[in-house]
Amino acid sequence: MNDQQKSEMLDFMAKSTSGTFEKCLFPKSLCENKSVNSHSNLNTNTLDLLAKNAHVTMMKVKYNGARKPVVTFKPVASTLALPLQGLCSQHNTDIFNEIDSNDFDPTSEAQLFLIFYRTILTQLHVNMDNAIKMQTAYQIQAEQNQSDEPSQSNLDENFAVIKAFDISEFKGKLDAYYLKDAFSEVTHKIVILENQKPTICVSSLFYMDDINNYLVGLNIFPIAGNKTVVIFSFEKKDALAISLYIDSYIEKTDKQTSLLSKLVISNCENFVISQSYFSSWSLGKKNAILKSYVATLMNPEVELNNKHINLFV
Ligand SMILES: [Zn+2]
């Protein structure tokens, strides 16, 4: 990404994230309608399985100009959890009705594509928002510290802008598949965790390796009181290479939920924790998870070894 692209991207993000997206991001978009808030994961039944007194727990990240981001657990009304911003009401219904009004069907190519597509729209917003927050933090730090050395905030900001740019380009490809009903251009690997109480809901998009920058979608959500589904999604053309990275998460071993938990904590900014599950956590577990989350925000390669890093039961 050159300086001009970066400056254009920052300018686009600043306009798009002042409050909510002002423009509907429907693929062919000449749509003049305003965007609305809706959920970025399946229908409200999913969140009902995780909520207690209509609340769930989420992690909130703040960038305040300090070297380290500040992360806390926050109760969030389940109606406001995992928001999707970026589509007008009509297009939100037109595109996602298939997954909003039907039970999850792991054999439906259309449903799996749409779950992934919704993740991409959400992550585009989340990442643009992060880049803007980091840019603000960087500017504050740069004013306080007139050094010529690139600061950590500057490096974080550059990474955040590049990621938002990559996701924006990736969304362009998925738009084209959506418009042609070319759902089979995306491959999904699905795991159903049986005898698994509802504990988390994840909707995230991240780089699976930092050499080739493969973007992989991860969705995790309960579909019943004792069943949780895990879906990895990626472009078909990258399937062979990506399967090398994800096979260990697909295999049913004793370590499976522990590996999945580490993956979520290391890579996912957008996830919900069941309120009653969170209430059962010890202070040691809460601290270990917050500490690991911050460590991987600063360096995604960090190894997580703490015994508390498990988001399943
Ligand atoms: Zn629209």
Worksheet item: Taking only pairs six or more apart or across chains, which ones have beta-carbon atoms under 8 Å, a first residue in segment 109-137 that is of a type in the set (Ser, Thr, Tyr), and a second residue that is part of a helix (DSSP H, G or I)?
Response: Tyr117/Ile95; Tyr117/Leu174; Tyr117/Tyr178
Item to complete: Keeping to segment 197-222, report how many residues are buried (at least 19 other Cβ atoms within 10 Å of the Cβ) and under 19 Å from Asp48 (Cα atoms).
Response: 10
Fill in: Scan of segment 76-93 for residues that are more than 16 Å from the ligand (Cβ to nearest atom) and at pLDDT 80 or above, ordered by number
Val76, Ala77, Ser78, Thr79, Leu80, Ala81
Worksheet item: Within segment 222-248, can you find the residues that are within 21 Å of Val186 (Cβ to Cβ) and either modelled with pLDDT under 95 or in the same structural domain as Asp103 (by TED's automatic domain parsing) (or both)?
Response: Ile223, Lys237, Asp238, Ala239, Leu240, Ala241, Ile242, Ser243, Leu244, Tyr245, Ile246, Asp247
Item to complete: Would you point out the residue of segment 72-111, among those that are of a type in the set (A, V, I, L, M, F, W, C) and under 16 Å from the mean Cα position of the chain (by Cα), that is farthest from Ala224 (Cα to Cα)?
Response: Leu84
Practice prompt. Report the residue count in segment 196-221 for those that are at positive phi and either modelled with pLDDT of 95 or more or among the charged types (D, E, K, R) (or both).
Written response: 0
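The values are calculated or read from the model by the stated rules, or taken from the named source; none is laboratory data. The model shown is predicted, which means the values in this text are computed figures rather than measured ones. Neighbour counts are summed over all protein chains in view; Cβ atoms, including those assigned to glycine, are modelled from backbone coordinates with ideal geometry.
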